[in-house]
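Structure first, commentary second.
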Amino acid sequence: MVNVDEEVAQLQKEIIRLGTPRSDGKGVASVKFGTLVRDDQCANIFEAIVGTLRAAKKRGIVTYDGEILLQGPHDNVDVVLLKAPGA
């Protein structure tokens with residue numbers, strides 16, 4: 001069984017790896033949704049990255065516009081990491 005907390009923690013690391021640090025005080029880093037879903041390493045880690053993103057959003061760890069993100073139409077949506085891993 002997949003541990004959601006572990007997947008969310010791994011998502012935080014992947015956003016930092018793929019994203020750009022934010023200096024505007026509105027988060028730690030941000031990455032485009034399309035970058036996350038097309039990354040080979042993320043594809044190997046996450047069975048359902050959209051579900052992991054939703055869980056992280058509910059926990060206040062990430063934010064993005066909309067309720068659910070779909071590959072293609074939402075590729076340019078910024079996924080913003082609000083809390084660093086371990087924070």
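Computed from the coordinates by the stated procedures, all read-outs in this text should not be read as laboratory data. Not measured: the values here are computed from a predicted model. Note that we place each Cβ from the backbone using ideal geometry, even for glycine, and neighbour counts take in every protein chain shown.
Counting other Cβ atoms within 10 Å, keep those with at most 10, restrict to DSSP loop, and tell me which trypsin sites (Lys or Arg not before Pro) in region 1-43 are left.
Numbers: sites: 13, 17, 22, 26, 32, 38; in loops: 22, 26.
Loop-located and lightly packed - 26.
Under the rule of at least 5 residues apart or a separate chain, name every residue whose amide H is placed under 5 Å from the amide H of residue 62.
57, 82
With label points built 7 Å along Cα→Cβ from the Cα atoms of residue 5 and residue 65, find their separation and express it in nm.
So the label points at residue 5 and residue 65 sit 3.4 nm apart.
Can you bin the chain into rounded, prolate or oblate? Criterion: square roots of the alpha carbon gyration tensor eigenvalues sorted a ≥ b ≥ c, rounded for a/c under 1.5, prolate for a/b above b/c, oblate for the rest.
Details: a/c = 1.36, a/b = 1.09, b/c = 1.25.
Cα axes put the chain in the rounded bin.
Among 75, 5, 24, which comes first, second and so on when ranked by fewest other beta-carbon atoms within 10 Å?
24, 5, 75
Which net charge results for the neighbourhood of residue 67, defined as the other residues with beta-carbon distances under 14 angstrom from its beta-carbon, given Lys and Arg at +1 and Asp and Glu at -1? Don't jump to the answer; show the numbers that get you there.
Details: positive: 54, 57, 58; negative: 65.
Taking every other residue near residue 67 into account, the sum is +2.
Only helical DSSP H runs with n ≥ 4 go in: add -39500 (n - 2.57) per run for the chain, normalise by residue count and round the 222 nm mean residue ellipticity to 500 deg cm²/dmol.
Details: 4 runs with 37 residues, N = 87.
After summing the helix terms and dividing by the residues of the chain, the value is -12000 deg cm²/dmol.
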